[in-house]
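No lab work stands behind these numbers, since they all come straight from the coordinates. Owing to the predicted nature of the structure, the values given are computational and were not obtained by experimental measurement. Quick reminder, even Gly has a Cβ in these numbers, built from the backbone with ideal geometry, and neighbours come from all protein chains shown.
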Amino acid sequence: MVVTEPFTVAIDGPAAAGKGTISRAVAETFGLAHLDTGLLYRAVGAQVLLGADPIEAARTLEAQALENDALRTAEVAQEASKVAVIPEVRAALLDFQRAFARRAGGAVLDGRDICTVICPQAEVKMFVTATPEVRAQRRFAELTERGHGPVFDEVLADVKARDARDSERSAAPMKPAETAHVLDTSHMGIEAAVAAAIALVRRARR
């Protein structure tokens, strides 16, 4: 089923809940464009690590900056979480995200405040979550596979710290939208989680 008109799927959730994998699968299934909005903040965070002012980095961000493989490092992720609490940074990136969301042909956006702030009128809204311990284990396995040699307790502490920053910030705190479908992947394989998300979109399309 290919979407030809604007159609927005908004997916929020904490780190390592599976929303990125689910978002990409939904986008591919329905022929929608995909934006991992966390990359916007990672791109700004990467510039800050190089000495840039976070607000200026957000205001001058260009799309090609999202294609940098270095944005996936733990150091950049931590800095992204820090710059994301700055209201001026969030405001600077708002128009970019909203324009992407309503592009012709439809779009899937995943992040922390897509359902609540960026696209509150999205045709489909989901909040993908899992327990901190499950998410830490997933991130631990991912980092181990990449050869980073992490310590699980440190990864768990990092997950909890990011959750606290994201949910307690004054600007667009992470929380499920009242009308969002909550998808808890704590005890779900990725195939089952993807299937559940695709089913939600199919129902909305009907």
Check your understanding: Among Asp95, Asp166, Asp158, what is the fewest-to-most ranking by other Cβ atoms within 10 Å?
Key -> Asp95, Asp158, Asp166
Review point. Tell me, what is a quarter of the convex hull surface for the C-alpha atoms of the chain, in nm² with one decimal?
Key: 10.9
Point to revise | FRET efficiency estimate (nearest 0.05) - Cβ-Cβ, Ala70 to Asp153, R0 41 angstrom | key: 0.95
Review point. What does the charge count near Val89 come to, summing +1 for each Lys or Arg and -1 for each Asp or Glu among other residues with Cβ under 15 Å from its Cβ?
Key: 0
**Study point:** Least to most buried among Val124, Val151 (fewest other Cβ within 10 Å first)
**Key:** Val151, Val124
Point to revise | Of all DSSP beta bridges in the chain, antiparallel share, percent nearest 5 | key: 0
Exercise for review: Provide the descending list of Cα extents for the range 1-57 along its principal axes, expressed in whole angstroms.
Suggested key: 46, 26, 14
Review point. Which order do Lys160, Lys19 fall in if you start with the one that has the fewest other Cβ atoms within 10 Å?
Key: Lys160, Lys19
Check your understanding: Counting pairs of alpha carbon atoms under 8 Å apart in space and at least six apart in sequence, what relative contact order in percent does the range 8-205 give?
Key -> 34
Exercise for review: Place +1 on the Cβ of every Lys and Arg and -1 on the Cβ of every Asp and Glu in the chain, take the dipole about the Cα centre, and give the residue among Val151, Ala74, Thr131 whose Cα lies farthest towards its positive end.
Suggested key: Thr131
Review point. For the pair Val182 and Ala33, how long in nm is the line joining their label points, each one 7 Å along Cα→Cβ?
Key: 3.3
